[in-house]
Every structure is written in C-alpha cells, then in structure tokens.
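A short worksheet on the structure shown next.
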Amino acid sequence: MAVPYWPDELDAYEVLRAVEEAAARAGFTVLEASLSHGVPTLLVQPRRDVKRAFEDLMELLMSLRIMPVLRRGPQGLIIRAVPMRAVKKGSSRVPLILFLATLGTLFATGWLLSADLPEGPLVGALMYVGAMMAILATHELGHWIAARLHGVTVTMPYFIPAPPPISIFGTFGAFIQQKTPAPNKDALFDIGVAGPLAGFVAAVAITLIGLPLSKIVVGPVRGITLPYIPAYALLARLVLGPLHSIAGEEVHITLHPIAFAGWTGMLVTMLNLIPAGSLDGGHIARCFLGPREQMALGVSASLFIVFLSMAFPGLYGAWYMPMAFLALLMALSYRHPGPLDDVSSLSGWRKLLALVPVVIFVLCLFPIPVP
C-alpha cells in the first residue's frame, strides 16, 4: 500500500525493507521495523561504533534518495527514514545584488568616517570597504569550507546592506544558508565554529593594521564612545602602549576606519557566538545539549548580556540591548533540529577546541580590565 508521505512511485513498505537491509549492512542489529504514520522506523542496536555505522548507513541510503535520521527513544536507538528532497540550485542574482548594495553602504559609511583623514574621504572609504569585506568574507568562507568538507550543501553568502542613517557600520553582517542538514555533531560543530574563528583572526589582523594609523588625542574629542571590548583594549595596549592622562586631561584614541572595522569584526564575532537559535554559538551549543537545554542556555545568555549592559552602563551604554533582545527572540522562536545523527557524541579533540570560542566570547564581552 502506498503511503502519501512518500512520492507516488515509491512503496513505503519497500522503503522500509530497503532501510532495514541497509541498517543491517551498516552494522546495526534491527530489533523492530514498522511504519509509524507512514514513516519507516527501526528500533536498532549498534554492533560497532555508532558514528561510523550511521555514516555507512547514510552512504547506502543516499543513493536511493532516502535520508536516515538517528535519535534516542525511550526503548533505545531509533532510525527514521525520510525522503531526500532535491536541492534546488539557487539564483546568484540576489546574493550579487546584496553584495553590490553592501559595497555601496560600506563605502558611504567609510566616507563619513574618513571626513578628517589626511588621505581624504575617498581613500578612507575604500580602505573601510576592504577591511570590512575582508572580515565578513573570511567569516563566511570559514563556514563554506567546513560545510563542503562535510558534504553539506550551502548557499552563496548573503551580505546585508545597512545605509549610514540606519547603522554606523554600513552592514548588518552576512550569512549562508544550509540546504542539507549536518550528518553528525562533528560536522555541525565544524560548520558552526569555523566562521567565528576565521572572522576573529581576520578582525585581529585588521585591528593590528588599523591601530597604528589611529590618532591619540588629549582632551575632549568629537565622536561616539564605543562599548568596551577587552580583546580590542589588549591589542590597543600592545600596539599603542599605555595611555595616561596628561595634566588631568583624558587621553582618547580616535580610530582609523580600518581600526574601526577591526572593532566591528570583534563585535560581530561576539554576537554570533551567543548560544541562541541558529547563531553560530547556537550550533556549537547544540552539539553538547538537547534542544530544550540549548534554548534555555540561549535565553540565559541573552538575559545576561542585558544584565551586563545595565550593570556597566559606562562600558556598554545601551549598545548591546537591542542585540541581546534579538538573540532572546531567536532563542525562544527557533528549536534547533540538530544533526541527522543526534546520538553519537562529539569527537574528543573537538570538545577541547570548544574552549576556544568560549574564550573568544569572554574576551569580546566580559568587562575584563586591561592593565
């Protein structure tokens, strides 16, 4: 009997038999096989490493256009089979238009930031565009490379323009969209962590280029006081040396557009590492937690950022409040599905590597004083 869950040309019972046979070949002992609401479902017990067995099962079933999903149920391990949808090739027109628009808004922002530069606003605007695109593109390239290495199909990057009256950055960042799910927690972790790590390294490099071009000003200055980022303050201390008040006058750093791009890159990295929803931090957290626990962590992290903003207004002002509430909304509205294999654990060395994004998040957010 054909089941509407599957395409008309496939018989659900034939699919069930195919999945059962493939599971046995991949290294699972099938304890029970049934159709649950039209979904081929197996209760299994692995005869060898679960992660390897499921990878072999995926390889056997993907050629049949069947996608297996491994979950832990009350009776044991459950394999469900769903139809593998054809991945539609997306149009490159929209990403290209957004990319060009983002170049325009970055250029306009860089022009305004460079009004007082000796080189003139044109040169300053071009340097700002180059610096910001280097950070954003490096971040998205990290995601793209990790996805391709794990066989996950992703879109081209979508850059989000933001005209100067709306944002002082010229952009709201960029993102790529997964067309196929991550096969296991290792793949989900690599995809989630690759972007922030690559973007942070790029932000540090851009900062080291921009800080020597910045000006040290004694006394009152015009401009906007940026929220405190300990990692950025540490780099400023290393590059520019200690800044002491002179004759009672405060000393300030007027950032060069390239240095401002580096600061923005660290801000973007911190925001992406909030463990909420589908943010990069959400992907990383989902490798260690279930969907409910990850949601609770995302809500807690978002509320903690609100608390920091209120507890240290001199350091953060009201900058982080809208960002924290956006992350809170994402945490409450998005239930992370996890990878196809949500049973096998993360590899040991990746568990150690997870400390790196945590350290970066702390260094970009917490009010750690720099001597």
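Every residue, every condition in (1) part of a helix (DSSP H, G or I); (2) among the charged types (D, E, K, R); (3) crowded, with 24+ Cβ neighbours inside 10 Å; (4) free of Cβ contacts under 8 Å to residues at least 40 places away in the same chain, yes or no:
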{"residue": "266", "(1), (2), (3), (4)": "yes, no, yes, no"}
{"residue": "271", "(1), (2), (3), (4)": "yes, no, no, no"}
{"residue": "288", "(1), (2), (3), (4)": "no, no, no, no"}
{"residue": "297", "(1), (2), (3), (4)": "yes, no, no, yes"}
{"residue": "300", "(1), (2), (3), (4)": "yes, no, no, yes"}
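Which residues, taken from the range 326-361, are without any contact (Cβ under 8 Å) to a residue 24 or more places away in the chain and surrounded by 14 or more Cβ atoms within 10 Å (Cβ to Cβ)? Within the range 326-361, 326 is the sole residue that qualifies. Only residues that are assigned to a helix (DSSP H, G or I) and closer than 15 Å to residue 365 by Cβ were counted across the range 314-333, and they come to 7. All conditions but one from (1) farther than 30 Å from residue 48 by Cα; (2) in the same structural domain as residue 16 (by TED's automatic domain parsing) apply to residue 127; the one that does not is (2). None of 172, 189 is over 30 Å from residue 86 (Cα atoms), among the aromatic types (Phe, Trp, Tyr) and out of contact with any Ser or Thr (no Cβ under 6 Å at 6 or more places or on another chain) except 172. Among the criteria (1) modelled with pLDDT under 90; (2) assigned to a helix (DSSP H, G or I), the one residue 223 does not fulfil is (2). Of the numbered criteria (1) modelled with pLDDT of 90 or more; (2) under 18 Å from residue 259 (Cβ atoms), the one residue 101 fails is (2). Applying the set (1) under 30 Å from residue 123 (Cα atoms); (2) of a type in the set (Val, Ile, Thr); (3) not assigned by TED's automatic domain parsing to the domain that holds residue 185 to residue 299 leaves exactly one unmet item: (1). Residue count for the range 191-228 satisfying the condition of being surrounded by 24 or more Cβ atoms within 10 Å (Cβ to Cβ) and either of a type in the set (A, V, I, L, M, F, W, C) or farther than 14 Å from residue 256 by Cα (or both): 9.
The values are calculated or read from the model by the stated rules, or taken from the named source; none is laboratory data. Everything numeric in this text was worked out from a predicted model, so none of it was measured. Glycine also receives a Cβ, built like all others from the backbone with ideal geometry; neighbour counts cover every protein chain displayed.
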